[in-house]
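See structure below.
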C-alpha cells in the first residue's frame, strides 16, 4: 500500500499483486519425487528445449515439497 499526502489530503493507493495459482519446477529430481508420492503435474510446457512442470498449489503439494527439501 502506498500513502501519498497532497495539499492536506491523504491518498491511499493499493498495489495489486498477481498470485500464480500453479507451482512450477524444472528440476526432474523434484518431479520424480512428487510422482512417487502420488502428485502428478497439472500440465507441462516446453520453451526453447526446457520443460517446465506445473502443479496446482495445495496443502498436499507443499507438505510433499517440505519433506523433499528437508
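Nothing in this text is a laboratory measurement; each read-out follows from the coordinates by a stated rule. This structure is a prediction, so every number in the text was calculated from the model and none was measured. Reconstructed Cβ throughout: ideal geometry from the backbone, glycine too, with neighbour counts over all protein chains shown.
Some observations on this one:
- Net length gained if the chain between residue 43 and residue 6 were fully extended (0.36 nm per residue, minus Cα distance): 8.5 nm
- Distance distribution P(r), the stretch 19-59, all Cα-Cα pairs, bin width 5 angstrom from 0: 6, 24, 32, 25, 10, 3, 0 percent.
- Relative to the longest principal axis of the Cα atoms of the chain, the long axis of helix 59-69 makes an angle of roughly 70 degrees.
- Placing dummy labels 7 Å off each Cα toward the beta-carbon, the span from residue 50 to residue 24 is 0.9 nm.
- The C-alpha radius of gyration of the chain, expressed as a fraction of 2.2 N^0.38 Å, stands at 1.76.
- Value of [θ]222 nm, deg cm²/dmol, for the chain, DSSP H segments ≥ 4, -39500 (n - 2.57) each, nearest 500: -8500 deg cm²/dmol
- Here the extension length gained between residue 17 and residue 61 equals 13.6 nm, from 0.36 nm per residue of separation less the Cα-Cα distance.
- Arranged from fewest to most other beta-carbon atoms within 10 Å of their beta carbon, 37, 17 become 17, 37.
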